[in-house]
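Enquirer: Handing you this structure, nothing more for now.
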Amino acid sequence: MADLNTDFYIQTAAEQYTVLNAERTRALADLEQARIGVDYDAAGAAVQHIANIDQAIKNLGNITERYVRSQQPRQGWMPSKELIHHMSVEELLATGAGPELLRAAGYFGDTSDEDFQRGKAHAAATRNQYGR
C-alpha cells in the first residue's frame, strides 16, 4: 500500500481543495460587494458560483475518499481456489490471506498428508541455511 502522505493523487486533491477554498473566499467577497452595491444580478451570480464551488468540494471529497479506500486491502474477502492459483505472492499478501484463508480455499490441500509433513519438517530444519 502506498504512503498516503506522499501519494501523488492525495497531494493533488489537497492542492485542489486549497484552490477551491480560495476561490470560495473570493466568491464570498464578490457576494458581499454585490450586497453593498445592491446588485442583484452580481449577487445571484456569486451565490451560484459559491454553490458550484461547494459541489466541487463535495465531489473532490467523495473521489478522494473512494481513492483512499481503494488503496486499503479488502477485508473479509476470500479469493476462490482458481483465483488463488493465478495470483502473485504480492497479490495474495494484499488480500490479507493468511495460511487459514489459503487452506480454506483448498490451496494447501491435505496438511495431514505424510509428504506434506516431511516437507514441513525439512523446511523447519533448513530454515536458517538459506538466509531466511
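Enquirer: What is the local net charge at ILE53, summed over the other residues whose Cβ is closer than 12 Å to its Cβ (Lys, Arg +1; Asp, Glu -1)?
Expert: Spelling it out: positives minus negatives among the neighbours equals 0.
Enquirer: Please rank HIS86, HIS49, fewest neighbouring Cβ atoms within 10 Å first, as an exposure proxy.
Expert: The order, fewest Cβ neighbours first, is HIS86, HIS49.
Any read-out appearing in this document is the output of simple, stated calculations on the displayed coordinates, not a laboratory observation. Remember, predicted model here, so these are calculated numbers, not experimental data. Glycine also receives a Cβ, built like all others from the backbone with ideal geometry; neighbour counts cover every protein chain displayed.
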